[in-house]
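Visitor: So that we are looking at the same thing, I have put the structure below in structure tokens.
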Amino acid sequence: MHEENKAAANGCGKIRSGAQNGAALLALLEKTGYSMVQQNGQRKFGGPPPGWEGPPPPRGCEVFVGKIPRDMYEDELVPVFERAGKIYELRLMMEFSGKFIGVCVSLDNCRLFIGAIPKDKKKEEILNEMKKVTEGVVDVIVYPNATDKTKNRGFAFVEYESHRAAAMARRRLIPGTFQPWGHTIQVDWADPEKVVDEETMQRVKVLYVRNLMISTTEDKIKAEFNKFKPGVVERVKKLRDYAFVHFFHREDAVAAMSIMNGKCIDGASIEVTLAKPVNKESPWKQHFNGQISPSSENLLGFPNKDDGTQKSLGKPAGLSVRLNGQHSPSPPEVERSTYPIFPGIKLTPISMYSLKLSHFSSAVMHLDYFCHKNSWAPPEYCLYSTTSQDGKILLVYKVLISSIVDDSQSYFMPEKLCTTVEDAKELAAQFTLLHL
């Protein structure tokens with residue numbers, strides 16, 4: 001089949017010469033009155049369009065369109081997208097061809113994660129360093145070390161004025177040419193902030209308190225938050241250097257947030273915000289899908305491909321959330337290779353919670369990470385045993401998951417017994433993740 005016929009059959013239009021393409025784009029600009037500029041590998045059409053008054057559209061108004069054929073340009077794309085509404089801006093990059101396009105809501109992320117930062121650097125130093133090499137920096141978020149408040153945790157979040165500015169900064173920083181203070185930094189998109197609707201937030205009467213001293217007790221926190229109005233605090237739940245303060249009434253929680261934010265407790269300047277309730281709509285299985293081995297599926301009672309039966313695991317009432325609003329239909333395989341440590345290699349201490357899920361190969365680690373990211377208490381494992389007919393000791397774990405925000409609890413226990421403690425714990429973690 002000739003190239004022209006191939007293109008027509010795929011709905012990609014016919015092959016055009018450079019002159020034909022240029023003429024079509026000029027005709028489009030004359031017809032619409034939009035402008036077009038090429039910048040940093042992107043061709044921008046509009047932004048703003050002719051006659052536009054007021055600020056740009058708010059976040060959430062952009063969609064990402066992938067897998068556009070490489071011989072398709074604005075003169076063909078604009079009429080298609082205009083069917084949905086007036087276009088404010090179209091940014092075109094030629095990346096893929098020959099397949100159906102995919103359209104989804106664009107993740108309008110304006111925040112980058114910067115890792116491997118020297119722990120002695122202050123917020124102002126990091127902010128100035130980021131402003132030297134990237135544009136559109138709005139703020140830098142740095143968290144103090146849990147045990148030494150004079151140091152940071154080895155990472156920071158850089159907030160940019162727009163998603164485009166953040167994307168350009170990420171492209172600039174990723175190659176590794178920028179080494180602040182002589183260090184090679186890690187750069188990636190920050191996990192998007194969990195969005196909770198306003199109606200739900202209006203009912204919240206729990207405060208999230210960050211940057212506490214490890215030594216600060218729950219009783220001390222309760223006493224400090226009761227100072228402005230005695231008896232308003234129902235209870236306090238503290239984990240390491242953060243805590244959740246539950247109030248009897250919402251108005252007291254809001255008042256306490258205003259009064260206590262920035263105050264010092266045991267020498268630490270605390271940050272106080274309203275706690276965001278967990279999202280109870282999306283199952284964890286969407287995120288965990290594809291990361292369970294065939295042998296694990298058999299342990300859990302999933303059907304073999306050829307036996308035509310499936311054991312119903314049921315779905316107990318309990319906590320059911322998605323990790324920070326993210327899911328992936330086909331997560332990457334965990335890399336299990338090892339590499340030699342050569343003389344002179346610098347090793348940087350990091351927290352396991354700064355890593356991504358793809359770095360964990362065991363369900364036990366996944367579950368711990370999952371609970372931490374959702375601000376729950378660490379999972380509790382209770383071991384039980386029985387004896388088989390042939391005298392073997394068989395083991396099973398029951399897992400308790402507790403939400404600190406709404407004080408709910410859920411128990412999970414697989415219906416399979418194991419011969420080793422390690423297998424029993426791994427199986428219980430897998431079973432729990434599939435049911436969250």
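The values are calculated or read from the model by the stated rules, or taken from the named source; none is laboratory data. Worth saying up front: this structure is predicted, and the values here are computed from it rather than measured. Because the Cβ atoms are built from the backbone with ideal geometry, glycine has one as well, and the counts that use them run over all protein chains shown. Remember, those area values only see protein heavy atoms, side chains included, never the ligands or the DNA or RNA. Shrake-Rupley method; radii C 1.70, N 1.55, O 1.52, S 1.80 Å.
Visitor: Round to a whole number: what % of the accessible area of the stretch 111-189 belongs to carbon and sulfur, probe 1.4 Å?
Guide: Accessible surface attributable to carbon and sulfur in the stretch 111-189 totals 46 percent.
Visitor: What accessible area per residue comes out for the stretch 24-93, rounded to a whole number of Å², with a 1.4 Å probe?
Guide: The answer is 63 Å² per residue.
Visitor: Solvent-accessible area of LYS99, probe 1.4 Å, all protein chains present, reported in Å² to the nearest ten, please.
Guide: Rounded to the nearest 10, that gives 120 Å².
Visitor: A follow-up question, please. Say the dipole of the stretch 355-435 comes from +1 at the beta carbon of Lys and Arg and -1 at that of Asp and Glu; which of SER358, LEU394, SER410 then lies farthest toward its positive end?
Guide: Farthest along the dipole direction, towards plus: SER358.
Visitor: Kindly list the residues of the stretch 118-158 that lie in the label zone of ARG240, defined by a backbone N under 17 Å from the point 7 Å along the Cα-to-C-beta vector.
Guide: 119, 142-157
Visitor: Related question: Which FRET efficiency value, to the nearest 0.05, is calculated for LEU29 and ARG59 with the Förster distance at 25 angstrom and r the Cβ-Cβ distance?
Guide: So the FRET efficiency works out to roughly 0.35.
Visitor: Karplus couplings for the stretch 229-244 from phi (6.51 cos²θ - 1.76 cosθ + 1.60, θ = phi - 60°), rounded to Hz, Gly and Pro as x?
Guide: Whole-Hz 3J(HN,Hα) from phi for the stretch 229-244: 7, x, x, 7, 8, 7, 6, 10, 10, 10, 10, 6, 10, 9, 8, 10.
Visitor: Within the accessible area of the stretch 198-274, what % is carbon and sulfur when the probe is 1.4 Å and the other protein chains stay in place?
Guide: Carbon and sulfur together cover 52 percent of it.
Visitor: What does the C-alpha gyration tensor say about the overall shape of the stretch 355-435? Classify as rounded when a/c is under 1.5, otherwise prolate if a/b is larger than b/c, or oblate.
Guide: Since a/c reaches 1.5 but b/c is at least a/b, the shape of the stretch 355-435 is classed as oblate.
Visitor: For the stretch 24-93, which whole percent of the accessible surface, found with a 1.4 angstrom probe, sits on carbon and sulfur atoms?
Guide: Of the solvent-accessible surface of the stretch 24-93, carbon and sulfur hold 53 percent.
Visitor: Sticking with this structure for a sec: Quick one: if the Förster radius is 41 Å, what FRET efficiency do SER388 and HIS359 give, using the C-beta to C-beta distance and rounding to 0.05?
Guide: The value I calculate is 0.65.
Visitor: Find the accessible area per residue for the stretch 355-435; the probe is 1.4 Å, ligands and nucleic acids are left out, and the unit is Å².
Guide: 46 Å²
Visitor: Continuing with this model, one more query. Return the whole-Å distance between the Cα centroid of the stretch 180-257 and the Cα centroid of the stretch 47-66.
Guide: Their Cα centres are 35 Å away from one another.
Visitor: Set the bar at 30 Å for Cα to Cα. Now go through LYS229/LYS373; LYS123/LYS238; LYS44/LYS99; LYS86/LYS131; LYS220/LYS276 and name every pair that lies beyond it.
Guide: The pairs that break the limit, which is 30 Å between Cα atoms, are LYS229/LYS373; LYS86/LYS131.
Visitor: Continuing with the same structure: Can you give the FRET efficiency to the nearest 0.05 for PHE81 and GLU198, using r as the Cβ-Cβ distance and R₀ = 25 Å?
Guide: 0.25
Visitor: Convert 25 °C to kelvin, take the viscosity as 0.890 mPa s, use the Kirkwood radius over C-alpha pairs of the stretch 115-181 as Rh, and evaluate the Stokes-Einstein diffusion coefficient in µm²/s, rounded to a whole number.
Guide: For these conditions, the coefficient is 198 µm²/s.
Visitor: How long is the gain from LYS346 to ASN145 if the chain were fully straight, where each residue apart is worth 0.36 nm and the alpha carbon distance is subtracted?
Guide: 70.3 nm
Visitor: Where only protein heavy atoms count, and the probe is 1.4 Å, what is the accessible area per residue for the stretch 111-189 in Å²?
Guide: Computed with neighbouring chains in place, this is 50 Å² per residue.
Visitor: Next question, about the same structure. Ranked highest first by average number of other Cβ atoms within 10 Å, how do 158-167, 229-238 line up?
Guide: Highest to lowest by the protection proxy: 158-167, 229-238.
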